[in-house]
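Below: one structure, written as structure tokens.
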Amino acid sequence: MPSLGLLAGDARILAAACVAIAYLAFCALTVRSHWQSTKLAAAAQPTTATTQVVYASQTGFAQQLAEQTFASLQSAGHATALLSLRAVGLDTLQRSQRILFVVSTTGEGDAPDPAAGFVRTVLGHSVTLANLRYAILALGDREYDNFCAFGHRLDTWLRHQGAHPLFDVVEVDNGDAAALRHWQHQLGVLTGEPDLPDWETPRYERWRLTQRRLLNEGSAGGPCFHIALQPLDAARTWTAGDIAEIDPRNSTWEAHGNAALPHREYSIASLPEDGAIELLVREMRRPDGAAGLGSGWLTRDAPLDSEVALRIRGNSNFHPPTDAVPLLLIGSGTGLAGLRAILKSRVAAGQRRNWLLFGERNATCDYFYRDEIERWQRAGFIEQLDVVFSRDQPERRYVQHRLLERAELVREWLDSGAVYVCGSLEGMAPGVDAALQQILGAAALESLAAAGRYRRDVY
Ligand SMILES: Cc1cc2nc3c(=O)[nH]c(=O)nc-3n(C[C@H](O)[C@H](O)[C@H](O)COP(=O)(O)OP(=O)(O)OC[C@H]3O[C@@H](n4cnc5c(N)ncnc54)[C@H](O)[C@@H]3O)c2cc1C
Ligand SMILES: Cc1cc2nc3c(=O)[nH]c(=O)nc-3n(C[C@H](O)[C@H](O)[C@H](O)COP(=O)(O)O)c2cc1C
């Protein structure tokens with residue numbers, strides 16, 4: 001049966017050929033799909049021509065300037081992307097050709113909180129960044145010892161990794177207009193569009209001072225006032241966590257020939273639904289006994305019912321969490337202002353898992369907004385309430401001490417929750433930070449910050 005044998009041989013050859021073809025087809029498909037997915041992954045990453053604008057902001061100003069930088073590049077027809085330093089890792093730096101950083105400095109020469117993860121996972125490492133060109137707009141204030149320290153730290157690190165500065169760090173002292181013009185000029189040079197429209201400085205609006213009420217009569221501390229302001233022009237909106245910038249222009253200081261007065265910032269303590277911006281302001285005194293520029297204007301000099309120049313600055317770093325996660329709110333003194341706005345927004349959203357931990361000096365004089373807080377507690381909107389008065393007993397007791405006593409519950413809440421801290425940078429914020437480190441461990445606290453679940457509005 002030779003023919004059959006031949007047939008059987010043909011069939012074997014045919015079968016082998018089919019297997020080979022199927023195998024080749026499989027290989028081709030695999031290679032193609034791999035190539036396609038690589039192509040997709042590459043497409044998902046910013047193209048090398050994209051100029052990325054990366055910001056790190058504590059109280060919103062760097063973010064505002066980054067948005068303006070981004071808009072300028074866009075208007076010049078430049079491919080650009082805007083992102084927070086929170087979202088930047090070594091891989092982002094390695095695949096980028098051009099980054100414009102806008103970063104502020106906070107604390108005592110520290111990086112803003114949202115940059116905590118970047119500082120930990122990137123700044124300590126070595127990597128080759130020879131393809132990266134960058135520029136830095138560094139925000140700071142010369143009244144602090146470590147002027148623009150984080151901007152310079154970032155610059156030094158980038159240089160050590162072989163990245164090339166497009167031009168020197170542009171330092172901005174307290175919003176200095178000349179430095180900002182310089183940065184805009186550099187953007188013009190970079191884009192080849194020297195006639196980019198000038199950035200508009202956010203304009204002050206006209207508000208009326210409708211209430212001023214002393215909240216702590218007889219206090220051992222400085223007088224604190226509840227202040228309310230209503231818009232004179234169109235109604236305005238804002239989010240809890242935002243900041244009111246006041247222009248103390250009519251103060252007695254101006255009469256002394258100080259024409260260009262710096263603005264002052266105050267955490268907004270109310271919601272738009274309240275119909276007014278409410279502030280909690282402590283009257284400050286200068287070493288010579290004169291009232292502070294901004295606080296003096298709001299608490300003494302500006303006549304009731306008079307006009308106050310105010311503008312709202314978004315501060316997304318301190319906006320409330322978007323979901324109903326358990327929220328631990330810690331503050332002392334006027335820090336209650338920002339916490340009050342957040343509590344109001346949680347109450348309005350029906351979110352009950354709130355824990356307020358507030359500290360002041362004496363319960364009799366300094367328990368600001370006591371009725372409101374106790375009303376929220378009775379209605380179940382403040383699930384846990386701790387108030388600590390430092391001078392109501394022989395030894396000094398502060399919020400951080402209470403926090404340590406409640407360590408177990410703190411761990412439970414922060415397992416899935418968030419912690420917001422508002423108020424004094426001296427004493428309170430570092431004390432609370434140290435207590436949280438002790439309770440959770442330094443690494444866990446850093447991860448909490450990197451995940452945006454540890455936020456601070458401290459000054
Ligand atoms: C994000 C943010 C939110 C804030 N929220 C609030 C808030 O809700 N409530 C609130 O009351 N404050 C708040 N502040 C603080 C507020 O912005 C002002 O710093 C505060 O009111 C003091 O400013 P002033 O103009 O009244 O005083 P200034 O005139 O600036 O004086 C302030 C103090 O600085 C010292 N000082 C000033 N100049 C000198 C000098 N030449 N030499 C030595 N010492 C000097 C003095 O001790 C004086 O008491 C906030 C700050 C920030 C950054
Ligand atoms: C609590 C606090 C601490 C600050 N510490 C510093 C500092 O150490 N060095 C500095 O140059 N500026 C410091 N500043 C000034 C800020 O960098 C400056 O106000 C900046 O414009 C804030 O930008 P941001 O709103 O984006 O965080 C500090 C400001 C605050 C409120």
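Rule-based calculations on the coordinates, nothing more; no lab input. Note that this is a predicted model, so its numbers are computed, not measured. Glycine gets a Cβ as well: all are built from the backbone with ideal geometry, and neighbour counts include every protein chain shown.
Summing Lys and Arg as +1 and Asp and Glu as -1 over all other residues whose Cβ lies under 13 Å from the Cβ of Pro321 gives a net charge of +3. For the chain, a crude dipole built from +1 on the beta carbon of Lys and Arg and -1 on the beta carbon of Asp and Glu, taken about the Cα centre, is about 1060 debye to the nearest 20.
With R₀ set to 45 Å, the beta-carbon distance separating Ala87 from Asp386 gives a calculated FRET efficiency near 0.85. Starting from the range 46-155, pick out the trypsin sites (Lys or Arg not before Pro) whose DSSP state is loop and whose Cβ has at most 13 other Cβ atoms within 10 Å. Answer in residue order: Arg142. For Gly417, neighbours were defined as the other residues whose beta-carbon sits under 15 Å from its Cβ, and their charges (Lys and Arg +1, Asp and Glu -1) total +2. Among DSSP beta bridges whose residues both lie in the chain, state the antiparallel percentage, nearest 5. Among the beta bridges of the chain, antiparallel pairing accounts for roughly 40 percent. In this calculation the C-beta distance from Arg213 to Arg396 is compared with R0 = 45 Å, giving a FRET efficiency of 0.95.
Amide H contacts under 5 Å for His164: Leu132, Arg133, Tyr134, restricted to partners 5 or more places along the chain or on a different chain, H placed in the peptide plane at 1.01 Å from N. Given the options Gln211, Tyr459, His226, identify the residue whose Cα lies farthest towards the positive end of the charge dipole of the chain (+1 on Cβ of Lys, Arg; -1 on Cβ of Asp, Glu). Of the candidates, Tyr459 comes out farthest on the positive side. Exposed loop GluC sites (Glu not before Pro) only (DSSP loop, at most 15 other Cβ atoms within 10 Å): please give the longest stretch of the chain free of them, not including the sites. It runs 218-382. By the Kirkwood approach, averaging reciprocal distances over each pair of separate Cα atoms, the chain gets a hydrodynamic radius of 25.1 Å.
When the chymotrypsin sites (Phe, Trp or Tyr not before Pro) in the range 192-245 are filtered for DSSP coil states and for at most 16 other beta-carbon atoms within 10 Å of their beta-carbon, the remaining sites are Tyr204. Each of Thr299, Tyr55, Ala449 was scored by the projection of its Cα onto the charge dipole of the chain, and the greatest displacement toward the positive side belongs to Ala449; charges sit on the C-beta of Lys, Arg, Asp and Glu.
Database remark: amide H of Ala79 closer than 5 angstrom to the amide H of Thr51 (H placed geometrically; neighbours at sequence offset of 5 or more, or on other chains; Pro and chain starts carry no H).
Under the combined filter of DSSP loop state and at most 16 neighbouring Cβ atoms within 10 Å, the range 380-422 retains these trypsin sites (Lys or Arg not before Pro): Arg391, Arg396, Arg397.
The residue among His185, Trp199, Gly175 whose Cα reaches farthest toward the positive pole of the charge dipole of the range 151-214, with charges on the beta-carbon of Lys, Arg, Asp and Glu, is Gly175.
Segment Arg378..Arg352, full-extension length gain: 8.2 nm, with 0.36 nm per residue of separation and the alpha-carbon distance subtracted. Sequence-ordered 3J(HN,Hα) estimates for the range 82-99 from the Karplus curve with 6.51, -1.76 and 1.60 and θ = phi - 60° stand at 10, 8, 7, 4, 3, 9, 9, x, 4, 4, 4, 5, 6, 9, 9, 9, 8, 10 Hz, glycine and proline given as x. Helical content alone sets the calculated 222 nm signal of the chain at -11000 deg cm²/dmol, taking -39,500 (n - 2.57) per DSSP H segment of four or more residues and averaging over every residue.
Rounded to the nearest Hz, the phi-derived 3J(HN,Hα) couplings of the range 383-389 under the Karplus curve 6.51 cos²θ - 1.76 cosθ + 1.60 (θ = phi - 60°) are 6, 10, 10, 10, 10, 10, 10, where x marks glycine and proline. The Cβ shell under 12 Å around Phe150 holds other residues with a net charge of -4, Lys and Arg each +1, Asp and Glu each -1. Taking the inverse of the mean reciprocal distance over all distinct Cα pairs, the Kirkwood hydrodynamic radius of the range 205-313 comes to 14.2 Å.
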